[in-house]
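Just passing along the structure, written as structure tokens.
Where a number appears in this text, it was derived from the coordinates with a stated rule and is not lab data. Being a predicted model, the structure only gives us computed values, none of them experimental. In this analysis, Cβ positions are derived from the backbone assuming ideal geometry, glycine residues included, and neighbour counts consider all displayed protein chains.
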Ligand SMILES: [Zn+2]
């Protein structure tokens, strides 16, 4: 089971910038790379659209709590893309194909929390892909650079259990990418 995740600062910046673009909604991206023993190497970020919609099937929330009234008394759904995300399935298929062709792994997915801590929600835990990496960045504002305390990574076991993975930033000189790093695979 992977216990560490290594990535360059350039890759980190590419990831968190792509997530911040969606603010105040949750941003999401697929994470590409390799695995050597217990260490995952993130080498690419595949930005994705968050395509969550109110009619997306959800089984986590009781029906009664899914709607609420706003200040004007209008009935509204309690959830939005500011606290829900779904990776565009077409992007997922495209990324899987790319990974097969390039011989890299689709490690997992990242998403942002525009509100709240970088911790997996009940929904995150319920919908995580087994045997994949989950990355969460708390991005409270698109202008503020997230710090170490604003991000977390977990490996999801085959049974769906979340195990924390330590994030190790490769110490490279400013502006000098690691060999093999391609922070953006697509515009
Ligand atoms: Zn989440």
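Stretched out fully, how many nm does the piece from residue 119 to residue 163 gain, at 0.36 nm a residue minus the Cα gap?
14.6 nm
Could you please rank 157, 132, placing first whichever residue has the fewest other Cβ atoms within 10 Å of its Cβ?
Listing 157, 132 from fewest to most nearby Cβ atoms yields 157, 132.
Tell me, in nm to one decimal, what length is gained between residue 53 and residue 13 on full extension, where the rule is 0.36 nm per residue of separation less the Cα-Cα distance?
Length gained, residue 53 through residue 13: 11.6 nm.
Still on this structure, I have one more. For region 80-143, what size does the Cα cloud have along each of its three principal axes, sorted from largest down, in whole Å?
Largest to smallest, the principal-axis extents are 37, 28, 19 Å.
Just order 3-9, 93-99 by mean Cβ neighbour count inside 10 Å, highest at the front, would you?
3-9, 93-99
Can you say what percent of the DSSP beta bridges in region 1-47, counting only those with both residues inside, are antiparallel? Round to 5.
Taking every DSSP beta bridge within region 1-47, about 75 percent pair in antiparallel fashion.
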